[in-house]
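Scroll down for the structure; my scribbles are underneath it.
The values are calculated or read from the model by the stated rules, or taken from the named source; none is laboratory data. Just so you know, these numbers come straight off a predicted model, no measurement behind them. No Cβ is skipped: glycine too gets one built from the backbone with ideal geometry, and neighbour counts run over all protein chains shown. Protein only, heavy atoms only, side chains kept; ligands, DNA and RNA dropped before computing areas. Shrake-Rupley method; radii C 1.70, N 1.55, O 1.52, S 1.80 Å.
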Amino acid sequence: MDNATRVMDERVESTGVKPDGLGGPDVFIEAIPDSEYSIRLFPGSLSNSEYCLDFIDSRTGEPVNSPFKFDLICVPDPNAPIGSDPMFRMRPLECAFGIEADKIKPGNEKFVFRDGQHCVLRRPGLRDVRFTIPIRRRPQAVLPTPDAHFLHFPQYIDYYD
C-alpha cells in the first residue's frame, strides 16, 4: 500500500497542454510568411526539454489543425559538425498515440520538439520557413570535479579561406 501511495503522490509532468488564449511570456508566436496562419511555440515538459508547436489562425488566435499542405522537418544544426542530429519529418503528437491525423479534434493538433532543435516548414510552391526551438536556461548543477587532467581546446574557431 505504501508503494501505491508513493506512486500516486508523485508529480506528473505532462507535455502538450495548450495555453489559454495566446499564452504568457514563455509562449512565442510568429506569423508564417505568405499565409493566414502563425506558428505558436509553448512549453512542454521541462525535465525532458520539450517545447510544443501548433498552428493558429493569425486573425483570431484560435488553434487549427494542419491548415495547409506541408512537411515539418527537423534538420541538423547548421553550425554543428557533421554527425550531429539526424534529419526527420515530424508528425503530430496525437499520431504517436494511434490517432489518425484526420481524426484529431479540431484545434487539438500539436507537435513536440526538443529545446534547440532546428526546423524547416516546407510548403509546396512557397519558400521554406526555418526556425529554431528556444532553449530554456536552467541553473547549472554544481558537480564534483572528476579526478582527471583537463585539456582546453577551443570549442569554436573562426575559419577563413
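General observations
- Output for segment 89-119, where each listed residue is surrounded by 15 or more Cβ atoms within 10 Å (Cβ to Cβ), over 12 Å from the mean Cα position of the chain (by Cα) and either small (Gly, Ala, Ser) or not in a helix (DSSP H, G or I) (or both): Ile99, Ile104, Gly107, Asn108, Glu109
- Asp77 being in a strand (DSSP E or B), of a type in the set (D, E, K, R) and within 16 Å of Arg130 (Cα to Cα): no
Conditions (1) basic (Lys, Arg); (2) without any contact (Cβ under 8 Å) to a residue 60 or more places away in the chain; (3) in contact with a Leu (Cβ under 6 Å, 6 or more places away or on another chain); (4) within 19 Å of Thr15 (Cα to Cα), marked per residue:
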position: Pro78; (1), (2), (3), (4): no, yes, no, no
position: Cys95; (1), (2), (3), (4): no, yes, no, yes
position: Lys103; (1), (2), (3), (4): yes, yes, no, no
position: Phe150; (1), (2), (3), (4): no, yes, no, no
position: Asp158; (1), (2), (3), (4): no, yes, no, no
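- Some residue of segment 126-149 being outside any loop (DSSP other than H, G, I, E, B) and either among the basic types (Lys, Arg) or over 30 Å from the mean Cα position of the chain (by Cα) (or both): yes
- Of residues in segment 12-51 being within 17 Å of Gly116 (Cα to Cα), in a loop (DSSP other than H, G, I, E, B) and among the β-branched types (Val, Ile, Thr), the one most open to solvent (accessible area, probe 1.4 Å): Thr15
- In segment 129-156, the residue that is surrounded by the most Cβ atoms within 10 Å (Cβ to Cβ) out of those that are at pLDDT 80 or above, within 22 Å of Gly44 (Cβ to Cβ) and not polar (S, T, N, Q) is Ile133.
- Within segment 71-81, the set of residues being open to solvent by 30 Å² or more (accessible area, probe 1.4 Å) and either acidic (Asp, Glu) or within 19 Å of the chain's Cα centre (by Cα) (or both) comprises Asp71, Pro76, Asp77, Pro78, Asn79, Ala80.
- Annotation for segment 48-55: no member residue is touching a helix residue (DSSP H, G or I) at 6+ places or on another chain (Cβ under 6 Å) and over 27 Å from Pro124 (Cβ atoms).
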